[in-house]
Each structure stands twice: as structure tokens, then as C-alpha cells.
Amino acid sequence: MRGTAMTEPAPTSAPVAEIERRLRWRVLAIAAFIALMVMLAVIAAVSVLVPPRLLAGLPDDADATAASAILHARLPMRTGALRFRSTLAGEAPPGAVFGANEERLAGRAVLLLERARARHRNDPRLEVALAHLDLARQRHALAERRYRAVTDRGADSPEARLGLGVALALQADAEPDPERVRALRLEAIAQFLAVDPRDPTYTIALYDRALLLYQVGRRAEALRVMHAYAERDSVGPWAGRLKQALGAAGR
């Protein structure tokens, strides 16, 4: 009986086509990844080379100007050992007392700023100014929410950073839980650190950052920040207060 020759089946091209298809997808994925990395590098370069525009001051509005005029250097912020200043009210002298007259002035300023905000609804500077008044009236949680409404939208507002740091630090002073106290103070330090050096509030943020660093036990860092503050203010009354608070009068 003659045997029948067995032939191998012709290899199918399907596996080859599948491999080629997968290779094409891999090449496309690599190309997309490289394009994404290039885009992120460009964004990073732009953010470094082009500083963001600072949101500072108040809008050109008669009511906002009037609110600032009635408050300037007359509104104690009741921030304890911390410093604070704003375009709206300046900085009250140390030891100034917040009483019934100051409450009346703050109330008048709120009405003026609300009228200004009705005309400038998209201007975050007015939200920051209203937050300052919440801070002065010891409405710390409300002040925090107002400041965050500005900082969380990506606006670079040094006054909002300073105010948010102070609001967090003051809430820490009233917090019974030690872990929560530390968390609030560390977040406040981060806000002070985020204040732009180009803004006048930067020096005050240095002062407050040194105090809080000392309070959370980071004393070597606190002294370094104190020396950075002294490069800007070495003879004023606040410089002496900071040295005394950090136990560094003889350094």
C-alpha cells in the first residue's frame, strides 16, 4: 500500500498581522508619551521663565477706596503674636485695641466692599479684602473659606496666602487636639512660604513663618528665617520682638 505524502499546512499570516498591529500601537503610544513629556517641559519652562501676575491691591473703585480710607492703620487684626498687613487696612500699631468703634468701622467697610463687588463680580481682590475683615472680626473659619476660594482657583494673591496662614494659625491656638494643632500650624507655615518675594507682605510672612517654625519645634530653621527677616528689618521694633520670641536676643 502506497503511503500518502503528508504536507504541512501553509503558515497563516494572522499572527504576523497581529504582531505588526501591536507594534504600530506601541510606536503610537511611545510617540504620544514623548509628546506629553515635551508639552509638560514647555509648561514648566514657561512657569519658571514667566512669573505669574500677582493679584495685589484693590480695584479702581470708589467704594473700595472709601473702605480703605476709613480703615487704614485703624483696624487691629487681633492676630496675637503674628503680624499682618493688607492694602485694605495697612497695619495697625502694636497694642491697638479692637472695640465697638472698630466693629462699626469694619461693618461700614463690609457694606462698601459688597457694593464694589456687585460691580466687579470676577475680581478676587475684593473677596480677599472681605476675608481680611472676617479675620479682624475673629471669624477665622469664614476668613479661611474666603481666602481658599481665591488660592484654590490658582490665583497668586500674596495677601490671601498671608491671611490664610494667619487664619489657620489662630484656629490652631483654639484647637484642643495636639495633632490637629501641629497640622494647622504646618499648613500655615506652607502658606507663609508661598508668599511671593516680590510682594510687600513677604517680609511679614517671614516674621510669621519664623514664629510658627519655632512653635512646631523646628528651631534651627526658625533662626535661619529670623536672620532672613533681619536682612530686611534689623532695627525696627518688630525685629526685637522676633528675637525675643525666639529666645535669640543674644545671637
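Some values worked out for this structure:
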{"item": "Total residues in the range 76-88, condition surrounded by 24 or more Cβ atoms within 10 Å (Cβ to Cβ) and under 22 Å from Ala239 (Cα atoms)", "result": "3"}
{"item": "Selected residue [surrounded by 12 or more Cβ atoms within 10 Å (Cβ to Cβ), modelled with pLDDT under 90, hydrophobic (A, V, I, L, M, F, W, C) and farther than 24 Å from Pro197 by Cα] from Ala96, Ala109, Ala67, Ala56", "result": "Ala96"}
{"item": "Residue within the range 114-135 that is of a type in the set (A, V, I, L, M), closer than 17 Å to Asp208 by Cβ and assigned to a loop (DSSP other than H, G, I, E, B) present", "result": "no"}
{"item": "Near pairs, Cβ below 6 angstrom, 6+ apart or cross-chain, from the range 215-228 (free of Cβ contacts under 8 Å to residues at least 12 places away in the same chain) to any residue that is surrounded by 14 or more Cβ atoms within 10 Å (Cβ to Cβ) and not in a loop (DSSP other than H, G, I, E, B)", "result": "Glu221/Leu213"}
{"item": "Sole exception among (1) closer than 19 Å to Thr87 by Cα; (2) modelled with pLDDT of 95 or more; (3) of a type in the set (S, T, N, Q) for Thr151, by number", "result": "(2)"}
{"item": "Some residue of the range 221-231 being in a helix (DSSP H, G or I) and touching a Gly at 6+ places or on another chain (Cβ under 7 Å)", "result": "no"}
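The values are calculated or read from the model by the stated rules, or taken from the named source; none is laboratory data. Source: prediction; values computed, not measured. Cβ coordinates were reconstructed from backbone atoms using ideal geometry, including for glycine residues, and neighbour counts include every protein chain displayed.
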